[in-house]
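Here's the structure we're looking at; comments come further down.
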Amino acid sequence: MALSNGSSGGELRVAVVGSGPAGFYAAEHLLTDGEHRVRVDMFERLTTPWGLVRSGVAPDHPKLKSVSRIYERTATQPGFRMFGNVELGSDLTHADLAEHYHAVVYAVGAQTDRRSGIPGEDLPGSWAATDFVGWYNGHPDYRDLVFDLSCERAIVVGNGNVAMDVARMLCLTREELAVTDVGDHALEVLAEHRIREIVVLGRRGPEQAAFTTPELRELGELSDADVVVDPAELEIDPDCREQAPGQTAQRNLEVLREFSTRAPRGRRRRIVLRFLASPAEIHGAERVEAVTIVRNRLVQADDGSLRARATDRTETLEAGLVMRAIGYTGVPLPDVPFDTGRGVIPNRCGRVLDGGGEIPGVYVTGWIKRGPSGVIGTNKKCAQETVDALLEDADAGRLPAPRNDDADLFEARLRERQPQVVTYAGWEAIDRHEKALGEPQGRPRVKLTRTEELLRAAEGATESAGA
């Protein structure tokens with residue numbers, strides 16, 4: 001390793017900001033590279049790691065959550081430290097990281113939702129699905145939100161897996177919820193709400209839907225909800241057919257056609273899947289009361305893609321709740337370049353750009369690098385590309401020398417600013433506590449959802465940040 005920085009023994013010190021899948025895959029690739037000696041310090045704003053695996057994956061999807069076992073192996077490797085409950089901009093700055101590390105990798109994800117920009121979007125009862133997901137998953141930032149689920153009809157805007165999760169969570173029975181790690185504050189609300197119909201709006205056609213087949217199929221397996229699909233909405237204009245629909249699109253169409261042949265089974269709730277339909281306006285005096293929906297048609301853009309274009313056909317549905325699930329977007333970080341149009345940190349193969357030029361020693365991975373796309377595993381390849389670029393720069397001597405590479409001094413200074421740092425050992429104490437609470441209830445865990453509760457649970461671990 002051709003480090004031209006005077007680093008002790010040629011050891012490479014890397015800071016990873018963010019402890020979700022992108023951050024842990026980057027740490028894994030760095031720590032398991034056989035040609036470099038690397039130490040990784042990971043920084044996380046929350047007291048808990050795993051990002052959307054903990055706070056985004058639906059409670060009834062425990063198999064997806066089990067990917068955290070891979071991250072646990074990384075976290076217990078020599079050379080890894082975690083500093084949780086540390087916020088960039090207040091407890092720590094980019095300049096601090098640049099002073100103490102050869103390289104900084106930002107893996108902070110896409111932390112907010114995309115807005116539709118239609119009239120009435122800010123009425124009470126109009127929510128971002130990200131808020132609802134964070135709420136039922138017990139994210140401390142969202143657990144105190146109050147969702148009024150007393151209406152008869154809810155409208156979910158979007159045709160991705162988040163929209164499927166929201167619709168499904170509104171249809172689970174108390175018994176189904178009670179064996180998950182859904183937040184206790186949300187369990188009673190979800191078990192007793194009065195919503196009877198959930199209308200899911202997709203702005204394009206069924207071939208273009210972004211949900212994956214397993215998530216779609218799950219809707220048809222719900223014990224307390226019928227799925228309704230109008231066969232006419234599955235008729236595809238030959239001029240607007242995808243030239244080569246992928247396997248997922250073909251499988252989705254098969255499932256949707258099967259749904260469209262089902263007779264109503266008289267279940268307590270129903271999910272209505274609509275296509276080529278977008279909300280045009282949300283109506284209400286003091287809160288959401290109705291939504292005007294515009295019918296769309298598909299037109300071919302210059303690049304050959306199919307785009308939704310509004311027609312003059314509209315309808316208005318009474319509804320008391322609207323959830324927009326039309327995507328995530330990144331937010332700027334202090335002193336780090338940001339592309340406001342795309343909602344990402346500008347980069348070339350993971351190397352952060354400022355005005356078109358690469359910033360030595362600064363990298364990015366995950367959704368904040370490429371936008372909110374793919375599944376959890378997509379982040380592994382994304383992180384590999386970034387780490388390959390970083391190690392290539394290390395070998396070429398292009399990484400700047402840390403002005404201070406005393407790791408103990410850095411930790412001491414950090415703890416002066418934030419005395420309640422949560423180490424990986426602290427997270428393990430939280431993890432044990434939550435699982436112990438869940439065991440007598442037959443649940444995987446009972447999540448602690450307030451920061452003060454989480455900090456108390458972490459107090460039993462007095463070790464340093466080393467796992």
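Observations
- None of D226, D165, D230 is among the acidic types (D, E), in contact with an Asp or Glu (Cβ under 9 Å, 6 or more places away or on another chain) and under 26 Å from A319 (Cβ atoms) except D165.
- Any hit, region 365-377, residues being assigned to a loop (DSSP other than H, G, I, E, B), in contact with a strand residue (DSSP E or B) (Cβ under 8 Å, 6 or more places away or on another chain) and among the hydroxyl-bearing types (S, T, Y): yes
- Any pair with Cβ under 7 angstrom, 6 or more apart, that starts in region 436-447 at a residue that is farther than 8 Å from V179 by Cβ and ends at one that is surrounded by fewer than 16 Cβ atoms within 10 Å (Cβ to Cβ): P444/P62; R445/K435
- Among the residues listed as V336, V331, the single one being within 30 Å of P124 (Cβ to Cβ) and part of a loop (DSSP other than H, G, I, E, B): V331
- Any hit, region 323-342, residues being assigned by TED's automatic domain parsing to the domain that holds Y25, surrounded by fewer than 18 Cβ atoms within 10 Å (Cβ to Cβ), hydrophobic (A, V, I, L, M, F, W, C) and free of Cβ contacts under 8 Å to residues at least 12 places away in the same chain: yes
- Inside region 279-324, residues that are part of a loop (DSSP other than H, G, I, E, B) and touching a Phe, Trp or Tyr at 6+ places or on another chain (Cβ under 6 Å) make up a count of 0.
- Annotation note: of V16, V57, the sole residue that is under 26 Å from R443 (Cβ atoms), outside any helix (DSSP H, G or I) and out of contact with any His (no Cβ under 7 Å at 6 or more places or on another chain) is V57.
- Sub-6 Å Cβ pairs linking a first residue in region 410-426 that is farther than 22 Å from H102 by Cα and surrounded by 21 or more Cβ atoms within 10 Å (Cβ to Cβ) to a second residue that is among the β-branched types (V, I, T) and modelled with pLDDT of 95 or more, at least 6 apart or interchain, are V422/T47, ordered by first then second residue.
- Looking across region 309-335, the residues that are within 21 Å of the chain's Cα centre (by Cα) and of a type in the set (A, V, I, L, M) come down to V322, M323, A325, I326, V331, L333.
- The one condition in (1) at pLDDT below 95; (2) assigned to a strand (DSSP E or B) that I359 fails to fulfil: (1)
- Those residues of region 181-211 which are under 19 Å from R143 (Cα atoms) and either out of contact with any helix residue (DSSP H, G or I) (no Cβ under 8 Å at 6 or more places or on another chain) or assigned to a helix (DSSP H, G or I) (or both), in sequence order: D184, H185, A186, L187, E188, V189, L190, A191, E192, H193
- At least 2 residues being among the charged types (D, E, K, R) is the threshold, and among the helices (runs of 4 or more DSSP H) wholly inside region 104-180 those reaching it are 161-169, 174-177.
- Residue match in region 361-370 (condition: hydrophobic (A, V, I, L, M, F, W, C) and surrounded by fewer than 18 Cβ atoms within 10 Å (Cβ to Cβ)): no
- Residue selection: G266 fails the criterion of being surrounded by 12 or more Cβ atoms within 10 Å (Cβ to Cβ), more than 30 Å from A22 (Cα to Cα) and either more than 26 Å from the chain's Cα centre (by Cα) or assigned by TED's automatic domain parsing to the domain that holds I195 (or both).
- Condition met for P402 (under 19 Å from V40 (Cβ atoms) and part of a loop (DSSP other than H, G, I, E, B)): yes
- The listed residue being more than 16 Å from A58 (Cα to Cα) and outside the structural domain of I376 (by TED's automatic domain parsing), out of D181, D141: D141
- Residues located in region 132-146, provided they are surrounded by 18 or more Cβ atoms within 10 Å (Cβ to Cβ) and either touching a Leu at 6+ places or on another chain (Cβ under 8 Å) or of a type outside the set (K, R) (or both): F132, V133, G134, W135, Y136, N137, G138, H139, P140, Y142
The values are calculated or read from the model by the stated rules, or taken from the named source; none is laboratory data. Only a predicted model underlies this, so the values are computations on that prediction, with no experimental measurement involved. Cβ sites come from the backbone with ideal geometry, for glycine too, and all protein chains shown count toward neighbours.
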